[in-house]
Ligand SMILES: Nc1ncnc2c1ncn2[C@@H]1O[C@H](COP(=O)(O)OP(=O)(O)OP(=O)(O)O)[C@@H](O)[C@H]1O
Ligand SMILES: [Mg+2]
């Protein structure tokens, strides 16, 4: 049982936290029992995006050290049934102090309790990111369609492979059809070629993502615009359902 997914990126700010929050809620809506782990210690933000800043008393560091049980630390979301959130240690540097074996043991424990676990990693390739990615069942690299971000995604996937994570796909976020049509942003085929990864999904640029992230309200619960629909389609694909890529957004995404 369990499907543990590490969500990583080369460059920062590509949309990992927004992805984790919204795909987690979408998976819950599909009946899954979901845990999201904020693994961005020191710079954690999942609690803000999920509107749970005052509810997370213990971190995964407390669970590893035995200062809290997994049940105590993984706090239930106030609105999304079946969603629990396990936050990162707040102090910078603490997460890097845990050896990979302890992270792997934590991941094995959560795998037994949840049907899906999404791990919101820090940008880049820090020691804790590599430990979580190596212990996960698969990785998803979130990138924008900028070539610089895509190159970062490709490098990230290469390093993840070297630590033993060979199942890696890409989500292209903040895609703007107008720019693609004008030839000034990578189209989907070129994005996949640039990153050298299989495509899990595309998420369009949608200002509702920003508005919801700022207010701690969840897009996937409150709106059904293009990004919310894209996150839901990705959740369905993660469950093995076939959902056509181009069904999710109006316009001709692939045409440059
Ligand atoms: N599809 C989207 N459309 C519009 N804005 C988006 C979209 N996805 C993410 N954003 C915005 O981009 C910013 C960065 O997103 P987010 O925090 O999810 O990225 P991140 O990869 O987790 O960043 P970091 O590397 O700092 O952890 C946020 O303001 C968020 O609201
Ligand atoms: Mg983040």
For residues that are surrounded by fewer than 24 Cβ atoms within 10 Å (Cβ to Cβ) and at pLDDT 90 or above, scanning just segment 136-151, find the one that is nearest to residue 201 (Cα to Cα).
138
Which one of these is within 13 Å of ligand 2 (Cβ to nearest atom) and more than 16 Å from the chain's Cα centre (by Cα): 31, 42, 93?
42
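Please indicate, with yes or no, whether at least one residue in segment 78-85 is within 18 Å of the chain's Cα centre (by Cα) and either surrounded by fewer than 18 Cβ atoms within 10 Å (Cβ to Cβ) or within 16 Å of ligand 2 (Cβ to nearest atom) (or both). Don't jump to the end; show me each part of the working.
Initially, segment 78-85 is screened for residues within 18 Å of the chain's Cα centre (by Cα), giving 80, 82-85.
Next, only the ones that are either surrounded by fewer than 18 Cβ atoms within 10 Å (Cβ to Cβ) or within 16 Å of ligand 2 (Cβ to nearest atom) (or both) stay: 85.
Looking for residues that are within 18 Å of the chain's Cα centre (by Cα) and either surrounded by fewer than 18 Cβ atoms within 10 Å (Cβ to Cβ) or within 16 Å of ligand 2 (Cβ to nearest atom) (or both), one finds at least one in segment 78-85, hence yes.
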Hits in segment 49-61 - residues which are out of contact with any helix residue (DSSP H, G or I) (no Cβ under 6 Å at 6 or more places or on another chain), more than 22 Å from residue 232 (Cβ to Cβ) and surrounded by fewer than 24 Cβ atoms within 10 Å (Cβ to Cβ)
54, 55, 57, 61
Residue check: is residue 166 in a loop (DSSP other than H, G, I, E, B) and either more than 16 Å from ligand 2 (Cβ to nearest atom) or surrounded by 21 or more Cβ atoms within 10 Å (Cβ to Cβ) (or both)?
yes
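With the structure loaded, tell me whether residue 237 is out of contact with any helix residue (DSSP H, G or I) (no Cβ under 8 Å at 6 or more places or on another chain), assigned to a helix (DSSP H, G or I) and modelled with pLDDT of 90 or more or whether it fails that test.
So residue 237 passes the test.
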Considering each residue of segment 32-43, count those that are within 21 Å of residue 220 (Cα to Cα) and crowded, with 20+ Cβ neighbours inside 10 Å, and give that number.
5
Say we look at segment 114-128 and pick out the residues that are modelled with pLDDT under 95 and under 22 Å from residue 70 (Cβ atoms); which of these is farthest from ligand 2 (Cβ to nearest atom)?
128
Being in contact with a helix residue (DSSP H, G or I) (Cβ under 9 Å, 6 or more places away or on another chain) and buried (at least 16 other Cβ atoms within 10 Å of the Cβ) is the filter here; which residues of segment 112-123 pass it?
115, 116, 117, 118, 119, 120, 121, 122, 123
What number goes with the only condition from (1) at positive phi; (2) more than 16 Å from ligand 2 (Cβ to nearest atom); (3) at pLDDT 85 or above that residue 174 does not pass?
(2)
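Results for (1) assigned to a strand (DSSP E or B); (2) crowded, with 17+ Cβ neighbours inside 10 Å; (3) modelled with pLDDT of 90 or more; (4) away from ligand 2 (no atom under 16 Å from the Cβ), shown as yes or no for each residue.
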| residue | (1), (2), (3), (4) |
| --- | --- |
| 184 | no, no, no, yes |
| 199 | yes, no, yes, yes |
| 202 | yes, yes, yes, yes |
| 232 | no, yes, yes, yes |
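Quick check on residue 194: is it over 10 Å from residue 8 (Cβ atoms) and either out of contact with any helix residue (DSSP H, G or I) (no Cβ under 9 Å at 6 or more places or on another chain) or modelled with pLDDT under 90 (or both)?
Considered against the rule, which asks whether it is over 10 Å from residue 8 (Cβ atoms) and either out of contact with any helix residue (DSSP H, G or I) (no Cβ under 9 Å at 6 or more places or on another chain) or modelled with pLDDT under 90 (or both), residue 194 comes out as yes.
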Can you find, within segment 204-220, the residue that is surrounded by the most Cβ atoms within 10 Å (Cβ to Cβ) among those that are in a loop (DSSP other than H, G, I, E, B) and modelled with pLDDT of 90 or more?
206
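The values are calculated or read from the model by the stated rules, or taken from the named source; none is laboratory data. The model shown is predicted, which means the values in this text are computed figures rather than measured ones. Counting neighbours? That spans all protein chains shown, and the Cβs are built from the backbone with ideal geometry, glycine included.
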